[in-house]
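Trainee: One structure is given below, represented as structure tokens, and several questions about it will come after.
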Amino acid sequence: MEEQKKVNPLATEKEGKLIAKFAIPAIISMLVSSLYNIVDQIFIGQGVGLLGNAATNIAFPVSIICTATALLLGIGSASNFNLCSGAGDHEKASRVAGTGLSMLVICGVIIAAVVLVFLNPLLHLFGVTAKILPYAQDYTGITAFGIPFLILTTGGNHLIRADRSPTYSMTCMLTGAIINTILDPLFIFGFHWGIKGAAWATVIGQIVSGIMVIVYFGRFRKMELKKEMFWPRGQFLKMILSLGMASCINQIAMAVVQITMNNTLRHYGAASVYGTDIPLACVGVISKVNMVFMAIAIGISQGCQPIWGYNYGAGSYDRVKRTYWKAFRIAMTVGIVFFLCFQFFPTQLVSIFGTGSKEYYEFAARYFRIFMFMTFVNGIQPMSSGFFTSIGKAKLGIVVSLTRQVIFLLPLILIFPLFMGIDGVMYAGPIADAAAGIVAIGFAVKELRAMDKIA
């Protein structure tokens, strides 16, 4: 282990330098991943209109489910890889990575097939209306073909970062996003393909990124991967699922909340001055804007995970604690910046995604200011969940990941509208955010103090 510490910078470099080295590429990768949805939303809003924006919101749960699968296998594999490497068991680390990569491919193909076969039932489950249905069918049906590449890219990049190649990981995501950004206006406005053009631009970008991940593990990897290591093994899959479950559950919870929220907005919107389509379109836009903030928060967590995992496995608990508090301060600072943007510039942010009626802007501004009121603490929960996962505390990671979406937000968006109508959805957000932040900080402080006793 001492020999490994000498050659592995995770054990020797200053924590702040390591966070910058690993977190910045991870943040950029997450931002680029978000750009697939955001760029589509912008160009669809300008070229298709309100119904197109609403269609991407209806399709959003599919994207969340893909991300959940990718994080389950990607973070689970990378966390185990880091812990095994820190403990000096490099062969076991490589076998975990091989199982994770093969499962990413298998799951991607299965999910794509399910979406294509059950497209219409899924869209109705997600809260589609009659006007939005044709747009949602086109967009979701086409983007389903990119699902295997999306899952491989998102999950595989965690292993690439664990293999100490954060820059290549960032390049994979950035290349696909640039292609998507170039093709979106060409297909939508140049070829007049409308929402179908946005979907095909997304798929092509995802395919290119996926191929780059395949090339990395074929030619540029540092870890040792033999052909037999790619055959999924039950014992390694169990390890992967254990440490990847927290991030997966968090994403699945987001999908459940999104579906519930869509149906709630559709129901209570019909009884309001906004109708059904305006709330669905607004929330779709605001969800994409919030993705930028969450991409940064999750990127901080993902960038720190190799540092936490390796040093915890090596018994360097002081480095683990210092890294956590540095990440905490960064997440809080980013949260404050976005809080100010959401409170003071909601109309300007929504206008980026196209125009709408007076009621459209009114609902969007109120939703931004109320639902996103606790943004300044929202980075703590995903960061802390990733921390617990990376040090092998899977149960704590799962509990923290469930707090905001399932334990607090889901019940509130069902109960509050009974008394407050559509406004109840808005006020459920900040209450759930505050409660989740308190729980995450409490568990983290307890765990960090426990390290003092075993140091």
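The values are calculated or read from the model by the stated rules, or taken from the named source; none is laboratory data. Here the structure is a predicted model, which means the values were calculated and not measured. Here Cβ is always computed from backbone atoms with ideal geometry, including for glycine, and neighbour counts include all displayed protein chains. Note: accessible area is taken over every heavy atom of the protein model, side chains too, but ligands, DNA and RNA are not part of it. Shrake-Rupley method; radii C 1.70, N 1.55, O 1.52, S 1.80 Å.
Trainee: Determine if the range 366-389 includes at least one residue that is closer than 17 Å to VAL283 by Cβ, among the small types (Gly, Ala, Ser) and part of a helix (DSSP H, G or I).
Mentor: no
Trainee: Restricting to the range 238-258, what's the tally of residues that are open to solvent by less than 30 Å² (accessible area, probe 1.4 Å) and of a type outside the set (S, T, N, Q)? Steps first, please.
Mentor: Going through the range 238-258, the residues open to solvent by less than 30 Å² (accessible area, probe 1.4 Å) turn out to be 240, 243-244, 246-248, 250-251, 253, 255, 257-258.
Narrowing the set further to residues that are of a type outside the set (S, T, N, Q) leaves 240, 243-244, 246, 248, 253, 255, 257.
The qualifying residues number 8.
Trainee: Considering each of LEU174, LEU133 in turn, give the residue that is within 21 Å of the chain's Cα centre (by Cα), open to solvent by 20 Å² or more (accessible area, probe 1.4 Å) and in the same structural domain as LEU72 (by the TED database). Before you say what the answer is, go through the steps one by one.
Mentor: Details: LEU133 fails: within 21 Å of the chain's Cα centre (by Cα).
Sole residue among the options that is within 21 Å of the chain's Cα centre (by Cα), open to solvent by 20 Å² or more (accessible area, probe 1.4 Å) and in the same structural domain as LEU72 (by the TED database): LEU174.
Trainee: Condition test on LEU265, is it modelled with pLDDT of 80 or more, of a type outside the set (Lys, Arg) and not assigned by the TED database to the domain that holds ALA364?
Mentor: Values: modelled with pLDDT of 80 or more: yes; of a type outside the set (Lys, Arg): yes; not assigned by the TED database to the domain that holds ALA364: no.
Criteria not met by LEU265.
Trainee: Filter the range 43-71 down to residues that are farther than 22 Å from MET254 by Cα and assigned to a helix (DSSP H, G or I), then give me how many there are. If you could, list the steps in order and put the result at the bottom.
Mentor: Initially, the range 43-71 is screened for residues farther than 22 Å from MET254 by Cα, giving 43-51.
Okay, now just the ones that are also assigned to a helix (DSSP H, G or I), so 43-47, 50-51.
Of the residues in the range 43-71, 7 are farther than 22 Å from MET254 by Cα and assigned to a helix (DSSP H, G or I).
Trainee: Checking GLU447 against (1) charged (D, E, K, R); (2) open to solvent by less than 30 Å² (accessible area, probe 1.4 Å); (3) free of Cβ contacts under 8 Å to residues at least 12 places away in the same chain, only one condition comes out false. Which one?
Mentor: (3)
Trainee: Checking PRO306 against (1) crowded, with 24+ Cβ neighbours inside 10 Å; (2) in contact with a Lys or Arg (Cβ under 7 Å, 6 or more places away or on another chain); (3) within 19 Å of TYR361 (Cα to Cα): exactly one of these is not met. Which one?
Mentor: Exception for PRO306: condition (3).
Trainee: Tell me, please, whether a residue that is under 29 Å from SER390 (Cβ atoms) and among the basic types (Lys, Arg) can be found in the range 196-217.
Mentor: no
Trainee: Continuing with this model, one more query. Of everything in the range 316-349, what is more than 19 Å from LYS14 (Cβ to Cβ) and outside any helix (DSSP H, G or I)? Give them in sequence order.
Mentor: Within the range 316-349, PHE345 is the sole residue that qualifies.
Trainee: A further question follows. Based on what the data block shows, is ASN80 assigned to a helix (DSSP H, G or I), outside the structural domain of TRP325 (by the TED database) and modelled with pLDDT of 85 or more? Explain how you work it out, then say what you get.
Mentor: Numbers: assigned to a helix (DSSP H, G or I): yes; outside the structural domain of TRP325 (by the TED database): yes; modelled with pLDDT of 85 or more: yes.
Yes: the conditions hold for ASN80.
Trainee: Among the candidates ILE160, ILE252, ILE207, ILE182, which residue alone is in contact with a helix residue (DSSP H, G or I) (Cβ under 6 Å, 6 or more places away or on another chain) and more than 22 Å from ALA112 (Cβ to Cβ)?
Mentor: Exactly one of ILE160, ILE252, ILE207, ILE182 is in contact with a helix residue (DSSP H, G or I) (Cβ under 6 Å, 6 or more places away or on another chain) and more than 22 Å from ALA112 (Cβ to Cβ), namely ILE160.
Trainee: Select from the range 408-422 the residues that are part of a helix (DSSP H, G or I) and in contact (Cβ under 8 Å) with a residue 40 or more places away in the chain and list them in ascending order. Spell out the reasoning first.
Mentor: At the first step, the residues of the range 408-422 found to be part of a helix (DSSP H, G or I) are 408-420.
Within the range 408-422, LEU409, LEU410, ILE413, LEU414, PRO417 meet the criteria.
Trainee: May I ask you to list the residues in the range 265-295 that are of a type in the set (Val, Ile, Thr), in a helix (DSSP H, G or I) and crowded, with 21+ Cβ neighbours inside 10 Å?
Mentor: Pass one, the range 265-295, residues of a type in the set (Val, Ile, Thr): 273, 276, 278, 283, 285-286, 289, 292.
Filter again for in a helix (DSSP H, G or I), leaving 278, 283, 285-286, 289, 292.
ILE278, VAL283, VAL285, ILE286, VAL289, listed by residue number.
Trainee: What do you reckon, is TYR168 in the same structural domain as VAL62 (by the TED database), in contact (Cβ under 8 Å) with a residue 24 or more places away in the chain and either within 25 Å of ASN290 (Cα to Cα) or assigned to a helix (DSSP H, G or I) (or both)?
Mentor: Values: in the same structural domain as VAL62 (by the TED database): yes; in contact (Cβ under 8 Å) with a residue 24 or more places away in the chain: yes; either within 25 Å of ASN290 (Cα to Cα) or assigned to a helix (DSSP H, G or I) (or both): yes.
Answer is yes for this residue.
Trainee: If only one of ALA364, ALA297 is in contact with a Cys (Cβ under 6 Å, 6 or more places away or on another chain) and hydrophobic (A, V, I, L, M, F, W, C), which one is it?
Mentor: Numbers: ALA297 fails: in contact with a Cys (Cβ under 6 Å, 6 or more places away or on another chain).
Residue meeting the stated conditions: ALA364.
Trainee: Within the range 361-397, track down each residue that is buried (at least 21 other Cβ atoms within 10 Å of the Cβ) and either within 19 Å of THR276 (Cβ to Cβ) or in contact with a strand residue (DSSP E or B) (Cβ under 7 Å, 6 or more places away or on another chain) (or both).
Mentor: Within the range 361-397, PHE363, ALA364, TYR367, PHE371 qualify.
Trainee: Also: Which one of these is touching a Ser or Thr at 6+ places or on another chain (Cβ under 7 Å) and assigned to a helix (DSSP H, G or I): GLY197, GLY210? Lay out the reasoning, then the answer.
Mentor: Numbers: GLY197 fails: touching a Ser or Thr at 6+ places or on another chain (Cβ under 7 Å).
So the residue among GLY197, GLY210 that is touching a Ser or Thr at 6+ places or on another chain (Cβ under 7 Å) and assigned to a helix (DSSP H, G or I) is GLY210.
Trainee: Confirm whether VAL203 is surrounded by fewer than 24 Cβ atoms within 10 Å (Cβ to Cβ) and closer than 22 Å to PRO134 by Cα. If you could, list the steps in order and put the result at the bottom.
Mentor: Values: surrounded by fewer than 24 Cβ atoms within 10 Å (Cβ to Cβ): yes; closer than 22 Å to PRO134 by Cα: yes.
It is true that VAL203 is surrounded by fewer than 24 Cβ atoms within 10 Å (Cβ to Cβ) and closer than 22 Å to PRO134 by Cα.
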